[in-house]
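Below is the structure I would like to discuss, written out as C-alpha cells.
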Amino acid sequence: MLLATLAALALVTFTLSSLSPIDPALQLVGDHASAGTYVQARHELGLDAPWGLRLGRYLAAAAHGDLGVSRSTGRPVREDLERVFPATVELATLALIVGGVCGVGLALLSVRHPHGLIDGVARLISLAGNSIPVFWLGLIALFVFYARLHWIGGTGRFSDAFEYTVDMRSGFVLLDAARATVPGALTDAAAHLVMPVMILASYALGNVTRLTRAALMGEAGKEYVMLARAKGAGPTRVLLRHMVPNVRGFVLTVLALTYANLLEGAVLIETVFARPGIGRYLTTALFGADMPAILGATLLIGACFVLINGLTDLAVRLADPRLA
C-alpha cells in the first residue's frame, strides 16, 4: 500500500506538471530562438514523446533516485534535496518536541482540572494554534522581537559574521555550529532558530492539546474509570494509570501526523525567515517554474508522509496490545 500510494502521488504530480501552461523548452531556449532550436530542445527534454512514455521514463528514473536536473541551480535535484532537507527536518523535529511535550502536558492538566481556568486556557491555546496562520505569526514575530526589541536573531541561519565561516557539512545548523571552532557560532545559530521553532511549535501545541484533551475527555465517562474511582483511586492515579494507557496509540498517531504537517508547514516558515530548507527551495522552484525541482520536492514531502504513516501504524500496534 505504501508503494501504491507513492506511485499514485507521482502520477498525480507528474500529470499536474504536464498541464502547466509554462513550456519548459521555450523557457530553456527563450522567446527569440529559432523553430529548429525549439524543436531540438523539446526532443532533448523528451517533451516530444507521448505522455505515457514520459511518465514511464520519469517513474523508472525516480525509482533509481534520478529526479532530473534543476533548471534553477543546474545541479541534480537529488543533490539539492540532500543539501536542503536536513534543515527542514531539524526545524520540524525541534518544533514537534516543544509543541508535543507542552501539548500533552497541557491536555493532562486540562483533563485533571476540567471546566476550570487551566481547561479554559488549554482550549484557548488549541483554538489559536489551529486558527492563526503560521506565516502571519512569523511576520509579526520578526517585526516585534527582531526589528523592535532585538531579542532574537533575524532571518537566515546565521548573522553575516558567521554565515560563511561555519562549514555546513551535515545541513543541521546546530550540529554544524557546535562542531565548528568559531566562537559564538552555536549561540548565534540558536538565536536565529528559536523563533521559527516557536512559531511552528504553536501549531503543534494547539493540535496536540486539542486532540489529546478530546481523547482523554472521551475516556472520562467509561466504566473502567468509574470502577477505578469506586475502588478509591485518586484523580491523578486514574488519569495516569488508567486513562493515558488507553489513548497512547491515538496520541502517537496525532504526534506523527502533526510531524508530517510540520514538514509541510515549514515551507511557509522557511520562506518568511529565509532559511535554506526544502520550503525555500520549493518556493524558488515555483517562482522559476522549475518543474524537475517542484516534482522532486513534492515527491520527497509525500514520501515522508507515507513513511511516517507506515511507521506510526507499526508503533501503534506495538503500543496497544488490542490491535496486535
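Can you give me the number of residues within the stretch 294-311 that are over 16 Å from the mean Cα position of the chain (by Cα) and either at positive phi or not aliphatic (A, V, I, L, M) (or both)?
Total meeting the criteria: 1.
Within the stretch 68-88, is there a residue that is in contact with a helix residue (DSSP H, G or I) (Cβ under 6 Å, 6 or more places away or on another chain), in contact (Cβ under 8 Å) with a residue 12 or more places away in the chain, charged (D, E, K, R) and not assigned by TED's automatic domain parsing to the domain that holds Ala220?
no
When you scan the stretch 243-324 for helices (runs of 4 or more DSSP H) that lie fully inside it, which ones turn up with 2 or more residues that are more than 29 Å from Leu174 (Cα to Cα) and in contact (Cβ under 8 Å) with a residue 40 or more places away in the chain? Break it down stepwise before answering.
Working: elements: 244-272, 278-287, 291-319.
Correct list: 244-272, 291-319.
Still on this structure, I have one more. Is there a residue being over 12 Å from the mean Cα position of the chain (by Cα), surrounded by fewer than 22 Cβ atoms within 10 Å (Cβ to Cβ) and either within 30 Å of His113 (Cβ to Cβ) or not assigned by TED's automatic domain parsing to the domain that holds Pro24 (or both) anywhere in the stretch 259-271?
We begin by selecting, within the stretch 259-271, every residue over 12 Å from the mean Cα position of the chain (by Cα); these are 271.
Still in the list and also surrounded by fewer than 22 Cβ atoms within 10 Å (Cβ to Cβ): 271.
Then keep just the ones that are either within 30 Å of His113 (Cβ to Cβ) or not assigned by TED's automatic domain parsing to the domain that holds Pro24 (or both); that gives 271.
Yes - at least one qualifying residue is present in the stretch 259-271.
Then there is this: If I filter the stretch 286-299 for residues that are surrounded by 17 or more Cβ atoms within 10 Å (Cβ to Cβ) and aromatic (Phe, Trp, Tyr), do I get at least one hit?
Scanning the stretch 286-299 turns up no residue that is surrounded by 17 or more Cβ atoms within 10 Å (Cβ to Cβ) and aromatic (Phe, Trp, Tyr).
Just one of (1) surrounded by fewer than 17 Cβ atoms within 10 Å (Cβ to Cβ); (2) closer than 19 Å to Thr5 by Cα trips up Leu318, so point out which.
The failed condition is (2).
Can you tell me which residues in the stretch 218-242 are in a loop (DSSP other than H, G, I, E, B) and on the phi < 0 side of the Ramachandran plot? Reasoning before the result, please.
Restricting attention to the stretch 218-242, the residues satisfying the condition of being in a loop (DSSP other than H, G, I, E, B) are 221-222, 231-234.
Within the stretch 218-242, Gly221, Lys222, Lys231, Ala233, Gly234 qualify.
With Ala122, Ala95 as the choices, which residue is touching a residue at least 60 places away in the same chain (Cβ under 8 Å), of a type outside the set (D, E, K, R), within 30 Å of Cys304 (Cβ to Cβ) and in contact with a Ser or Thr (Cβ under 6 Å, 6 or more places away or on another chain)?
Details: Ala95 fails: in contact with a Ser or Thr (Cβ under 6 Å, 6 or more places away or on another chain).
The match here is Ala122.
Another one. Output the qualifying pairs, or none if there are none: Cβ atoms under 8 angstrom, residues six or more apart or on different chains, first residue in the stretch 37-60 and of a type outside the set (Ser, Thr, Tyr), second residue in a loop (DSSP other than H, G, I, E, B).
Pairs found: Val39/Asp48; Ala41/Ala33; Arg42/Asp48; Arg54/Gly46; Arg54/Leu47; Arg57/Gly46; Arg57/Ala49.
Taking the condition of being outside any loop (DSSP other than H, G, I, E, B), surrounded by fewer than 16 Cβ atoms within 10 Å (Cβ to Cβ) and not hydrophobic (A, V, I, L, M, F, W, C), how many residues in the stretch 39-61 meet it?
Looking only at that region, the number is 6.
Checking Leu26 against (1) among the aliphatic types (A, V, I, L, M); (2) within 32 Å of the chain's Cα centre (by Cα); (3) closer than 28 Å to Arg280 by Cα; (4) surrounded by fewer than 17 Cβ atoms within 10 Å (Cβ to Cβ), only one condition comes out false. Which one?
(2)
I'd like the residue in the stretch 153-194 that is among the β-branched types (Val, Ile, Thr) and closer than 15 Å to Arg275 by Cα and, out of all such residues, is surrounded by the most Cβ atoms within 10 Å (Cβ to Cβ). Break it down into steps so the answer makes sense when it comes.
Within the stretch 153-194, the subset among the β-branched types (Val, Ile, Thr) is 155, 165-166, 173, 181-182, 187, 194.
From what's left, closer than 15 Å to Arg275 by Cα: 155, 173, 194.
Values: Thr155: 14, Val173: 27, Val194: 16.
Filtering first and then ranking leaves Val173.
Among the residues of the stretch 62-77, is there at least one that is in contact with a Ser or Thr (Cβ under 7 Å, 6 or more places away or on another chain), surrounded by 12 or more Cβ atoms within 10 Å (Cβ to Cβ) and assigned to a loop (DSSP other than H, G, I, E, B)?
Applying the first criterion (in contact with a Ser or Thr (Cβ under 7 Å, 6 or more places away or on another chain)) to the stretch 62-77 yields 72, 77.
From what's left, surrounded by 12 or more Cβ atoms within 10 Å (Cβ to Cβ): 72, 77.
If we keep only those that are assigned to a loop (DSSP other than H, G, I, E, B) too, we end up with 72.
Scanning the stretch 62-77, I find at least one residue that is in contact with a Ser or Thr (Cβ under 7 Å, 6 or more places away or on another chain), surrounded by 12 or more Cβ atoms within 10 Å (Cβ to Cβ) and assigned to a loop (DSSP other than H, G, I, E, B), so the answer is yes.
Something else: Has the stretch 211-223 got at least one residue that is at pLDDT 85 or above and closer than 21 Å to Ala92 by Cβ?
Of all residues in the stretch 211-223, those at pLDDT 85 or above come to 211-219, 222-223.
Next, from what is left, pick out any that are closer than 21 Å to Ala92 by Cβ: 211-212.
Taking every residue of the stretch 211-223 in turn, at least one turns out to be at pLDDT 85 or above and closer than 21 Å to Ala92 by Cβ.
Would the stretch 199-209 turn up any residue that is hydrophobic (A, V, I, L, M, F, W, C), surrounded by fewer than 19 Cβ atoms within 10 Å (Cβ to Cβ) and touching a Gly at 6+ places or on another chain (Cβ under 9 Å)?
As a first pass, look at the stretch 199-209 and keep what is hydrophobic (A, V, I, L, M, F, W, C): 199-201, 204-205, 208.
Still in the list and also surrounded by fewer than 19 Cβ atoms within 10 Å (Cβ to Cβ): none.
No, every residue in the stretch 199-209 fails to be hydrophobic (A, V, I, L, M, F, W, C), surrounded by fewer than 19 Cβ atoms within 10 Å (Cβ to Cβ) and touching a Gly at 6+ places or on another chain (Cβ under 9 Å).
Any residue in the stretch 99-115 that's more than 8 Å from Val208 (Cβ to Cβ) and in the same structural domain as Val251 (by TED's automatic domain parsing): show its pairings with residues that are of a type in the set (Ser, Thr, Tyr) and part of a helix (DSSP H, G or I) at Cβ separation under 7 Å, as long as the two are six or more apart or on different chains.
Hits for this filter: Leu106/Thr209; Arg112/Thr236.
The values are calculated or read from the model by the stated rules, or taken from the named source; none is laboratory data. Keep in mind it's a predicted model, so treat the numbers as computed, not measured. Cβ atoms come from the backbone with ideal geometry, glycine included; neighbour counts cover every protein chain shown.
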